[in-house]
Amino acid sequence: MHADFFNIATYVILNLLLFFSWYSLLFRKKTLLSFTDRLIGTFVLSLTQIIATEMLLGVLFKMLYATPLFLLNISISSGVLFLALKQRTQTTPYLNLKDIFLELKNNINWFLGVIKADLVLLCIFGLFLVSVCWMIFLGYLFPSYAWDALWYHLPMVGYIMQNGAIQENPVPSLVVFINTLPKNIELFFLWNTIFLKNDIIVDLSQLPFTIAGVLTVYSMGIKLRIKREYAIYSSLLFFFTPIIILQSTTNYVDIAVSVLFLIAINFLMYDNLEDYTDNRGIKIPILLSGLAAGILLGSKGSGPLFVAVLSSVIIIQEFIKRINPLNIISSGHKGYSLKENFIHYLIYFIAPVFLMGGY
């Protein structure tokens, strides 16, 4: 009993520190990123840290066990939080934690006001809450049962926990996928198993991606200048897609891949033609897009196709800017360098893609 409580406390404390540290750092960019995008960005950065630390311990040091993973992530998250609290520039004062909770309170009050003003939206949101609670109950109650989950997704996790390393394993030819498929999402499955010493919530690993997808669809709607009420409707429509409800409690990777693709697009939308001024303000969104695309690349065999599509969008977008001088004049931008922009994309998009998905 005491061991179970300790394992649960370790898991909860680590995840809270992980999320709060990255959110605190992004909170300093609140003039650049919206509240919703800071939540999405925090999810991407937290997932990046989880996968990167597991790759570091599992590939290089062959020490992918609970204690080293806990100590490494506690150290990194504490450093990120310290940086967020103590970093100060001429334009950015010290971070006040009260401001974070005040903003959270204000956004919750605004959201409650919006849904209370629309009876239909209130009913749909109520169904959303009931559905999420039901998913959590099902994920907690039942063990993993899906075919592919038991065939290779979870066996990957089992081999890694058994060996303390990410490596090739002697497997029958029928399950060669265990050695050949990308493993980024399986590393997130591992995260939800290794500290608790059981797989009781591993079925819920895709549920955070589902919630991130709801936030992402809403954020994309706002960027497309859809009314906030309709953007909320759109995001809930994404949630109630049958395949989303079906797979949110299974150990597959399809929801994760789809949501990561949407997140990458969402952050690239900061660099649209109407908002374009210069490259200094878009480095962080491009970096977050690159990290999401990189995790996607290392999550599914078709990942390169998604990255190719995103790269094509970037190239087309830059050439449109190049041949549209009216946009540059209207934005007040004094000059435009296609070469400079592509260098920025190489550094802040392509490099994270290969860093997170190259292995």
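The values are calculated or read from the model by the stated rules, or taken from the named source; none is laboratory data. Please read all numbers here as calculations on a predicted model, not as lab measurements. Note that each Cβ is placed from the backbone with ideal geometry, even for glycine, and that neighbours are counted across all protein chains shown. What goes into the accessible areas is simple: the full protein's heavy atoms, side chains included, and nothing from ligands, DNA or RNA. Shrake-Rupley method; radii C 1.70, N 1.55, O 1.52, S 1.80 Å.
On C-alpha positions alone, give me the angle between the axis of helix 97-116 and the longest principal axis of the chain, in degrees, nearest 10. For 97-116 against the chain, the angle is about 80 degrees. For the set R322, R28, R38, the ranking by accessible area, highest first and with no ligand, DNA or RNA atoms included, is R322, R28, R38 under a 1.4 Å probe. With axes computed from alpha carbons, what is the tilt in degrees of helix 283-297 against the longest principal axis of the chain, rounded to the nearest 10 within 0 to 90? Helix 283-297 and the main axis of the chain meet at about 30 degrees.
Rolling a 1.4 Å probe over the protein heavy atoms gives the chain an accessible area of 51 Å² per residue.
Taking R0 as 25 Å, what's the FRET efficiency between V114 and I243 from their Cβ-Cβ distance, rounded to 0.05?
Numbers: r = 28 Å, r/R0 = 1.10.
E between V114 and I243, to the nearest 0.05, is 0.35.
Electrostatic bookkeeping for F142 treats Lys and Arg as +1 and Asp and Glu as -1; over the other residues with beta carbon under 15 Å from its beta carbon, the sum is -2. Figure note: S24, S34 ranked by solvent-accessible area, largest first, 1.4 Å probe, ligands and nucleic acids not counted: S34, S24.
For a test of the definition: using alpha carbon positions, the gyration tensor, and the 1.5 limit on a/c, classify the stretch 143-202 as rounded, prolate or oblate. Please report the intermediate quantities before stating the final value.
Values: a/c = 1.91, a/b = 1.31, b/c = 1.46.
Judged from the Cα gyration tensor, the stretch 143-202 comes out oblate (a/c at least 1.5, b/c at or above a/b).
Cross-link partners for K197 among the lysines, with Cα-Cα distance under 23 Å and sequence neighbours closer than 8 places in the same chain left out: K62, K183. For the peptides 303-312, 47-56, the ranking by packing is 47-56, 303-312, with the highest mean count of neighbouring Cβ atoms within 10 Å listed first.
With a simple spin-label model that places each label point 7 Å from the Cα along the Cα-to-Cβ direction, the separation between S144 and F82 comes to 3.7 nm. With a Förster radius of 30 Å applied to the beta-carbon distance between F342 and K30, the computed FRET efficiency rounds to 0.55. Ranking M356, M63 from most to least accessible surface, computed with a 1.4 Å probe over the protein chains only, gives M63, M356.
In the chain, helical runs assigned H by DSSP with n ≥ 4 each contribute -39500 (n - 2.57); averaged across all residues and rounded to the nearest 500, the mean residue ellipticity at 222 nm is -22000 deg cm²/dmol. The local environment of F125, defined by Cβ-Cβ distances under 13 Å, has a net charge of -1 under the rule Lys, Arg +1 and Asp, Glu -1. Between I226 and E168, the modelled labels are 4.7 nm apart [label points 7 Å from Cα along Cα→Cβ].
The modelled label-to-label distance for the pair N7/Y359, using points 7 Å beyond Cα in the direction of Cβ, is 2.4 nm.
For the stretch 62-212, carbon and sulfur atoms together expose 70% of the accessible surface, with a 1.4 angstrom probe and every protein chain in place. Tell me the angle of helix 207-223 to the major Cα principal axis of the chain, expressed in degrees between 0 and 90 and rounded to the nearest ten. Taking the Cα atoms of the chain, the angle to 207-223 is about 10 degrees.
Annotation for the stretch 163-215 versus the stretch 104-136: alpha-carbon center distance of 31 Å. If R₀ is 22 angstrom, what is the calculated FRET efficiency for the pair S75 and I100, using the beta carbon separation as r and rounding to 0.05? Rounded to the nearest 0.05, the efficiency is 0.50. Legend: distances between Cα atoms for K105/K283; K29/K283; K105/K223; K29/K223; K30/K300; K283/K339; pairs beyond 21 Å are K105/K283; K105/K223; K30/K300.
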